[in-house]
Amino acid sequence: MGTSDAFRPDPARAGVPVYEPGGLLDVLNVAAAVLDQDGRIVLWSPQAEELFGWTAAEALGEYAARLLVAEENHDEVLRLFAKVMGDAGTWAGSFPALHKDGTTRLLEFRNMRLEDRSGGVYALGMATDQQVLRGLERDLALSLRLVAQSPIGLAVLDTGLRYVMVNPALERIHGLPARSHIGRHVREAIPFTDVEVVESAMRQVLATGTPLVDQFIVGPTADPEAGERARLVSYYRLEDPAGRALGVATSVVDVTDRHRSTTEARRRLALIADASVLIGTTLDLDQTARELADVVVPGLADVAAVDVLDTALRPSSAPSEGQAVFRALAVAASDATEAVRAADPPGEIAKYDADRLVSQCVRTGRPVRLAHVTPGDLPRIARDEAAAAMLGRAGLHSYMAVPLIARGEVLGALDLKRTRNREPFGEDDLVLAGELAARAAVCIDNARWYQRERATAVTLQRDLLPQRPQNLVGLEVAYRYQPAGSASQVGGDWFDVIPQDGTQSALVVGDVMGSGINAAAAMGQLRTAARTLSGLGLDPARVLHHLDRTASGLDQTIATCLYAVYDPDSERCCLANAGHLPPVLVRPGKRPTLLDLPTGAPLGVGGVPFESVSVVLAPGDQLVLYTDGLVETRDEAIDARLEVLIDLLDGPRGDLEATCDLLLGELREDNDQDDVALLIARVRSG
């Protein structure tokens, strides 16, 4: 098939007439002339007139050699003419020719012998400007070379959308040889792509002549193993010099790697964004570890484990010789495989020998990556032979361990495995894992210090609170102390039951404003002062007065306090309040009520007098003292919460321990932001 014919529709196939002439011959402007056997011009084309300058009237009947060739070239042209008219029958080449204006120009000739019915012999000469021809040849050669060697897929389709040319690059992109394209409609050649979109774009370009550039297409190829490929496809209408449509040219650029890189970059940014939001939502160490494991699965790994060194959680523990001792905190997996069972169960201690990769990771503080795990690598990953066998059956093929480092200390490791994701861990994955581990390590370190501070504060608080009092006359008591769910809230609440000389007993409940160890220490000093003052037998108002002076000397400590003294001989209870919530009086057969006491100012304000109030307590009466952590919430009014407390106390009377459990269970179910002290005293009967 010729070059120009390649763009012409086949009438037998398409059922349409051939287009009007046009193409390369028009560009070349080939001149034609016929000479008789004597060398006279007998036929002369308009193109010959344009090329040589002579009109038909001037040229016809003239000897061509005299009219068109310089005198010095006569002998040579006659020799060539004899060759054409003789046995050779043809001659082709370049030859200088005269123009009517006297100039000489080099032309490209194709000459051949013709015969008529009577045996007459003629010479047909066709000529074109050699410079134009060479330029066209160079352009064509360059175009063919560029098309053949271009990394961009190129194709030409006729107006019926049948392929007439594809280059090697497009063969590779489509996964089909040229023979599977040529002569086939686009629907037949590439049915695996979104052919409706492709065909619609081609027809639009054919109809409008407006190119469609860089149309992004993602889809499969003829090779199912290649997976989906991303391509930028452009469409252009091909036209002849007269502007008539010859077909459509397409260029296809495979941008799969760029598309995957962009998609991967977005995925990594999304993971980092998720980590910023989802990791460290609380100061709970186990929860923080679970958040880290959940973020990386399945986006980065199929199985993730977060393990913290035992020495990081228990500084007093001695490091094991040649081993890394971890406390497993969290495991996450995209699917329940044996790789999950091979991981260390959360909450348990796991020991890894020095030759294990995770031991190497925490020992050096540097990540470890095995892009391709071999059976020989499994013993260096698993804790023992059984776990190594499970990892092998699970299909572990790629592994990473990244240290968790915060404030220069290695806390543990993030352990990552791929079993279902067939891509091995790459350098970019290692960088991403390191970024996530660095962010999470700070949160884990904060949770670790929180845990220590909370344990210290709770221990201090419990040590400062009283043990069960002995030898109380006329009273039975029950009490609870419950710390807050956050270390920053631990430390300020206390209660006390103090037997006094004779038969009297002092009941105290208080709340130091603030939190943490400082609040617990201030509470301890106030409690000690209250116990000392209680031994002096002072009126409750005087006790609060002295406690106020003590609080004023404790570096701006502010506290609320309720101090009561019960005398079984007079069956009276004398109370004084320093800004504390009122106690509840529970009498048999009656609805519980809040005692109406003068509120008073909190301890530490200074210079505000306190007032004592006396109430009668009969056998069976209960006095319920508590701190605000029992009833206060962020979204309910305090009056409403106090009504709930009264309603709970208005139920069937149980023993005091059960009442404590009831109040804490009902009122603290969704409220653990503050610690709480609760003290219930009941007057004995008989």
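Computed from the coordinates by the stated procedures, all read-outs in this text should not be read as laboratory data. No experiment lies behind these values; they were computed from the predicted model shown. Backbone-built Cβ (ideal geometry, glycine too); neighbour counts: all protein chains shown.
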- [ ] Please list, or write none, the lysines whose alpha carbon is within less than 21 Å of the alpha carbon of K351, excluding same-chain residues fewer than 8 places away.
- [x] K417
Open item on the list: For the chain, take the longest principal axis of its alpha carbons; what is the angle in degrees between that and the long axis of helix 385-394, to the nearest 10 within 0 to 90?
Closed with: 50
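How about the range 301-381: which GluC sites (Glu not before Pro) there lie in a loop by DSSP and see at most 11 other Cβ atoms within 10 Å?
Hits after loop and neighbour filter: E321, E348.
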Task: Peptide ranges 590-599, 241-250, 280-289 listed from the most packed, as the mean C-beta count within 10 angstrom indicates - done: 280-289, 241-250, 590-599
TODO: Would you kindly state how much longer the chain becomes between R572 and D36 on full extension, computed as 0.36 nm times their sequence separation minus their alpha carbon distance, in nm to one decimal?
DONE: 177.7 nm
Open item on the list: Check which residues have an amide H placed less than 5 Å from A155's amide H, if you skip close sequence neighbours.
Closed with: T250
TODO: Please state the charge dipole magnitude for the chain, taken about the Cα centre, from unit charges on C-beta atoms (+1 on K and R, -1 on D and E), reported in debye and rounded to the nearest 20.
DONE: 940
TODO: Return the aspartates and glutamates within reach of K590: Cα separation strictly under 16 angstrom, same-chain partners fewer than 8 residues apart disregarded; answer none if there are no such residues.
DONE: D621, E643, D647, D650
Task: Residue-averaged [θ]222 nm for the chain, counting only DSSP H segments that reach four residues, each worth -39500 (n - 2.57) - done: -10500 deg cm²/dmol
TODO: Would you list which lysines come within 18 Å of K100, measuring only between C-alpha atoms, while excluding same-chain residues fewer than 8 positions from it?
DONE: none
TODO: Rank-order 60-70, 617-627 by packing density, defined as the average count of other C-beta atoms within 10 Å over each peptide's residues, highest first.
DONE: 617-627, 60-70
Task: Length-normalised contact order of the chain in % [C-alpha pairs under 8 Å, at least 6 apart] - done: 7
Open item on the list: Percent of Cα-Cα pairs more than 15 Å apart in the range 285-390, please.
Closed with: 66
- [ ] Could you tell me whether the range 470-601 comes out rounded, prolate or oblate from its Cα gyration tensor? Rule is a ≥ b ≥ c as square roots of the eigenvalues, rounded for a/c under 1.5, then prolate if a/b exceeds b/c, otherwise oblate.
- [x] prolate
Task: Taking all pairs of distinct alpha-carbon atoms in the range 150-254, Kirkwood radius in angstrom - done: 13.7
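Taking only the Cα atoms of the chain, how large is their convex hull per residue, in Å³?
Per residue, the Cα convex hull of the chain comes to 316 Å³.
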Task: Ordering of 110-116, 297-303, 209-215 by burial proxy (mean other Cβ atoms within 10 Å per residue, highest first) - done: 297-303, 110-116, 209-215
Open item on the list: Kirkwood hydrodynamic radius, the range 261-450, all distinct C-alpha pairs: what's the number in Å?
Closed with: 16.3
Open item on the list: Can you tell me the orientation of helix 427-464 relative to the chain, as the angle in degrees between its alpha-carbon axis and the longest Cα principal axis, to the nearest 10?
Closed with: 0
- [ ] Normalise the Debye intensity by I(0) for the range 224-270, one equal point scatterer per Cα, no solvent, then take log10 at q = 0.14, 0.16, 0.28 Å⁻¹ and round to two decimals.
- [x] -0.55, -0.62, -0.97
